[in-house]
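*Asks:* I am attaching a structure below and will ask some questions about it afterwards.
The values are calculated or read from the model by the stated rules, or taken from the named source; none is laboratory data. It should be emphasised that the depicted structure is a prediction, and the values quoted were computed from it without experimental measurement. As a convention, Cβ positions derive from the backbone with ideal geometry for all residues, glycine included, and neighbour counts pool all protein chains shown. Just so you know, the surface numbers come from the protein's heavy atoms only, side chains and all, with ligands and any DNA or RNA stripped out. Shrake-Rupley method; radii C 1.70, N 1.55, O 1.52, S 1.80 Å.
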Amino acid sequence: MATSLRAAADGSPPPAPSSPAPPPPPPPRAGLRSRLYRWDLRFSPYAFVAPFFLTFAAFGLFPLIYTGWLSLHRVELGGEAQWRGLDNYTSLAESEFFWNALANTFTIGVVSTVPQLLMALGLAHLLNYRLRARGFFRVAVLAPYATSIAAATLVFAQLFNTDYGLINTVLGWVGFEPVDWESSKWPAQIAISTIVTWRWTGYNALIYLAAMQAVPKDLYEAAALDGASRWRQFLSVTIPSIRPTILFTIVVSTIGATQLFGEPMIFGGSLGISGGSGNQFQTLSLLMYEKGWVTGALGQASAIAWVMLLLLLVIGAVRTLLARANRKKLGA
């Protein structure tokens, strides 16, 4: 403004106002290659994981939903589905065969899981020390797990044979009467639990061994300086340090016992599907198979499958609560 007043006093025309600066030119439009590059960064991870989700949807999610739909219908092989609501579940609650199978599943699971994990802890504790040929022993304890269920069960069925089995022969040598391992309830369940224990003890032992090797050596050295024996170190140092691993194996073994199928079916021979002549070792999996493919009641078989799923969810929830309590205890 001072310039304008000075120009007016001099009689010269005022200068023209300066025009605003022109806007910057727009950035060049991204080319096709840059767009493809951005799309690749954004969508490639989804493309990589898509096969898993497609496979899971086809072979996991769809069968689960379809089985739930079947459990609410009356379905027979070759027939049409008829809506029944919760009738299949109420009929299971009133069925003595279902409760017998549930009890057998529980007892076989307990008899096979408890000795299995205790022996696995002992084997892992021995393998954790410096032994000669440790690699050989580690492979040896895992060999039963690599054996097929059919082969192992057939061998044990011969060992537990009532007439000419090796087990009854040895019992006769020490003065015991022969045991009917197939027709009696508890002997049959003990025989099947022995097969499960033999197959899975080495597998759990290696899991425990891996957890034990992760325990800091300083804890053992401090315990040794305090005068603790190896047994006291095992109870006071090893067990608390691998408690999450022990909880994991308990849950996994319980899930496996809930789904037990191959061992009792092959052990029983021609009566394996029904769990023996008196259903003395029929599990939930065998009952589901019998309902679905022997009697043709696919709706009831689907209801049993969903009951097994609910049991597994309860087991998982209990495991989560115990793990959370353990973390709080360690944090405190």
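*Asks:* Within the bounds of region 161-175, is there any residue that is among the β-branched types (Val, Ile, Thr), farther than 23 Å from residue 104 by Cβ and part of a helix (DSSP H, G or I)?
*Replies:* Yes - at least one qualifying residue is present in region 161-175.
*Asks:* Restricting the first residue to region 185-211 and requiring it to be within 30 Å of residue 131 (Cβ to Cβ) and at pLDDT below 95, which pairs with a second residue that is of a type in the set (D, E, K, R) and surrounded by fewer than 20 Cβ atoms within 10 Å (Cβ to Cβ) meet a Cβ separation below 9 Å and a spacing of at least six or different chains?
*Replies:* Going by the 9 Å Cβ cut-off, the qualifying pairs are 202/138; 205/138; 206/138; 209/138.
*Asks:* Suppose we filter 187, 178 for residues that are farther than 30 Å from residue 234 by Cα and not in a helix (DSSP H, G or I); which single one remains?
*Replies:* 178
*Asks:* Let me ask you something else. Condition first: open to solvent by less than 70 Å² (accessible area, probe 1.4 Å) and closer than 18 Å to residue 154 by Cβ. Now tell me which residues in region 197-217 satisfy that.
*Replies:* 197, 199
*Asks:* Quick test of your reading of the structure: residue 215 fulfils all but one of (1) assigned to a helix (DSSP H, G or I); (2) modelled with pLDDT of 90 or more. Name the failing condition by number.
*Replies:* For residue 215, the failing item is (1).
*Asks:* If I filter region 299-332 down to residues being open to solvent by 50 Å² or more (accessible area, probe 1.4 Å) and of a type in the set (Val, Ile, Thr), which single residue comes out as farthest from residue 240 (Cα to Cα)?
*Replies:* 314
*Asks:* Same structure again: Take region 281-298 and flag every residue that is part of a loop (DSSP other than H, G, I, E, B) and surrounded by fewer than 21 Cβ atoms within 10 Å (Cβ to Cβ).
*Replies:* Once the filter is applied, which keeps residues that are part of a loop (DSSP other than H, G, I, E, B) and surrounded by fewer than 21 Cβ atoms within 10 Å (Cβ to Cβ), region 281-298 yields 295, 296.
*Asks:* Related question: Can we say residue 194 is part of a helix (DSSP H, G or I), out of contact with any Leu (no Cβ under 7 Å at 6 or more places or on another chain), surrounded by fewer than 14 Cβ atoms within 10 Å (Cβ to Cβ) and among the polar types (S, T, N, Q)?
*Replies:* no
*Asks:* Mind telling me which of the residues 98, 106 ends up being open to solvent by 80 Å² or more (accessible area, probe 1.4 Å) and within 23 Å of residue 315 (Cβ to Cβ)?
*Replies:* That would be 106, the only listed residue that is open to solvent by 80 Å² or more (accessible area, probe 1.4 Å) and within 23 Å of residue 315 (Cβ to Cβ).
*Asks:* I've got another one for you. Find all pairs meeting these conditions: Cβ atoms under 7 angstrom apart; at least six residues apart or on different chains; first residue within region 295-309 and more than 12 Å from residue 88 (Cα to Cα); second residue among the β-branched types (Val, Ile, Thr) and surrounded by 19 or more Cβ atoms within 10 Å (Cβ to Cβ).
*Replies:* Once the first residue is more than 12 Å from residue 88 (Cα to Cα) and sits in region 295-309, its partners that are among the β-branched types (Val, Ile, Thr) and surrounded by 19 or more Cβ atoms within 10 Å (Cβ to Cβ) give 308/258.
*Asks:* What about residue 83, is it farther than 18 Å from residue 210 by Cβ and touching a strand residue (DSSP E or B) at 6+ places or on another chain (Cβ under 7 Å)?
*Replies:* Here the answer is yes, as residue 83 does meet what is asked.
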